[in-house]
1. Any chance you could check the Cα centroid distance between segment 70-113 and segment 238-271 for me, in angstrom?
2. Where the Cα atoms of segment 21-160 are projected onto their three principal axes, how long is each span, largest first, in whole Å?
3. Angle, helix 194-207 long axis vs. longest principal axis of the chain, Cα atoms, 0 to 90°, nearest 10?
4. Return one number: the angle in degrees, 0 to 90 and rounded to the nearest 10, between the long axis of the Cα atoms of helix 107-117 and the longest principal axis of the Cα atoms of the chain.
5. For the pairs K73/K141; K141/K340; K5/K58; K58/K340; K162/K340, flag any whose C-alpha to C-alpha distance is greater than 28 Å.
6. Given Cβ point charges of +1 (Lys, Arg) and -1 (Asp, Glu) and nothing else, what value in debye, to the nearest 20, does the dipole of the chain about its Cα centre take?
7. When all alpha-carbon pairs of segment 1-69 are counted, what percent fall beyond 19 Å?
8. Over 31 Å apart: what share of the alpha carbon pairs of the chain falls there, rounded to a whole percent?
Amino acid sequence: MLEEKLAGLKPMTEDISPITVEERRGRIEKARDLMVQNDIDALYLEAGSGLFYFTGVKWERSERMTAAVVPAKGDIAYVCPGFEEARLREMIILGDDVRTWEEEEDPYAQVAGMFSDRGLASGKVGIEESVRFFLFDGIRKAAPHLEFVSADPVTIPCRAIKSPAEITLMQRAMDITVEAYKACLALLREGMSQEEFRANSVAAHRALGVEGSISCQFGEGTAFPHGSKELAYLKEGDVVLMDGYCTVEGYHSDISRTIVFGEPTRRQRDVWDLEKEAQAAAFAAAQVGVPCEEVDAAARKVITDAGFGPDYRVPGLPHRTGHGIGLDIHEWYHLVRGNKTPLAPGMCFSNEPMIVIYGEFGVRLEDCMYITEDGPRYFTQPSPSIEQPFA
């Protein structure tokens, strides 16, 4: 049956447009403007989403340093192991300065040399937030004359505002995961394990042309926001909570759905309807200029007014209402109490105010949205009802 269901799925990636070189140059120029404003002379970016965002170099992390230095003035420089130089040069689309180090040599001296060659006899170097400590520690020891600071004032404002091209890629990722969901929901059966469901979702995403998966929990395990360690098998009357994603050109989808396998009880239906109301309240509050925390407050009020909580207590909503999303599935900014950052066009968020009832079940409905001049727009339409997970 799996093969028959997947036979109808076709790749949905053939017409996608990657981020252009021109857009990446624009990102670097914006970063340089912010570096000047924040008195930062250079950025250090190691392999990961930050390096990919600015340079287009997609590189897996290991114990060996591969990184880039982006100066406020001057050319980008890269550092990598000597045996990886040819592969790195294949990927580079901006700049051509590559410093290498052999296995017995010190990569930190190469980075210090990059700073020196760009006139940094003194000054501040911004360290991107995900850089691992051992790399930062090695660099500061190799360049003790420099001051090392957080690069957040530069990297976060750049990455938090998505361009139309980024939103288009995220939209495609969302569309693909919706189709994977539909295929997997049609395969639900009594006795199915969580792992079988996840394996089906991996196969469905691959048939659609991407890598992705949908995790799931059954019954009481749905009350754990990120799942229980207990293996469960699907039975009649179980709440089923699913959380799925994929990536397209590095950009993530993130969609959650909650249904009941069989006929919902009144209790299940009432909690599901309350969750839908809370999600709608968050969406309505997500207007340009509104602080992030007010979106969380709008969803939380619906849930607490119904007698849950209060605050982050359970039964109720124990976590933030949403997170930023893009090249990382969780990135700045968060829809959470205390975050007074005003919403701005181009910001993208999940909207997922979960209701947790330990010992019974949990309900989470998650759709991602992006902010426009005219207010929020959904990438995927919310569930119409507990029986109908997709419009």
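Any read-out appearing in this document is the output of simple, stated calculations on the displayed coordinates, not a laboratory observation. All values reported here derive from a predicted model rather than from experimental measurement. Counting neighbours? That spans all protein chains shown, and the Cβs are built from the backbone with ideal geometry, glycine included.
1. Here the two parts' Cα centres lie 44 Å apart.
2. 39, 34, 24
3. 60 degrees
4. Its long axis makes an angle of about 60 degrees.
5. On the way: K73/K141 23 Å; K141/K340 36 Å; K5/K58 33 Å; K58/K340 33 Å; K162/K340 20 Å.
With Cα atoms farther than 28 Å apart: K141/K340; K5/K58; K58/K340.
6. Dipole of the chain, to the nearest 20 debye: 600 debye.
7. Working: 1293 of 2346 pairs.
Looking at segment 1-69, the distances longer than 19 Å represent 55 percent of pairs.
8. Numbers: 34078 of 76245 pairs.
Result for the distance tail: 45 percent.
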